[in-house]
1. Got a sec? Which strands (runs of 3 or more DSSP E) wholly within the range 1-74 have at least 1 residues that are without any contact (Cβ under 8 Å) to a residue 12 or more places away in the chain?
2. Only one of (1) surrounded by 13 or more Cβ atoms within 10 Å (Cβ to Cβ); (2) in contact with a Phe, Trp or Tyr (Cβ under 9 Å, 6 or more places away or on another chain); (3) among the aliphatic types (A, V, I, L, M) fails for residue 52. Which number is that?
3. Give the residue that is surrounded by the fewest Cβ atoms within 10 Å (Cβ to Cβ), with candidates limited to residues of the range 1-48 that are hydroxyl-bearing (Ser, Thr, Tyr) and farther than 18 Å from residue 63 by Cβ.
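Laboratory data are not the source of any read-out in this text; all were calculated from the coordinates shown. Quick caveat: nothing in here was measured; it's all calculated off a predicted structure. Cβ placement follows ideal geometry from the backbone for every residue including glycine, while neighbour counts extend to all protein chains displayed.
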Amino acid sequence: MEIIGKVIQVLPLQEGTSARTGQPWAIKTFIIETLENYPRKVAIEIFGSQRIQDNPCDVDQVVTVSYDLESREFNGRWYTSVRAWRVQQGAVQAAPLAPQGGAAPAPQPQIPGAVPAAQPAAPAAAVTQTFDEAASAGMDDNTDLPF
């Protein structure tokens, strides 16, 4: 998944040593504000010293962040993290869905038992006949309905 936003804050680097493995760890957290009509603030973590070095980000930069969501349970409560695995400078556009040159997109795989999505119906033909025209076209005198 990707999100585009402006970095509004970079928190201090957190470092430590794993109690289980004895390996050092590092987490850098930064906050971005999305570039939408109703902007949202998202706290994003980069885990690991090498990833932190490879993906620098500074305040007031517009970045495109590739991330994974991860939830875990601790003492009956659930916590969710947004973990970045790539931070690119600027607003990077997603690749087009269909190849250039007018080629048709690849067919989507079918899931057994799934109901296919409904196709939009063709617009109904416009009714051009007025009530008076319908009445003169053979409407029965005993009813006031045009059908």
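1. 14-17, 62-74
2. It is condition (2) that residue 52 fails.
3. 38
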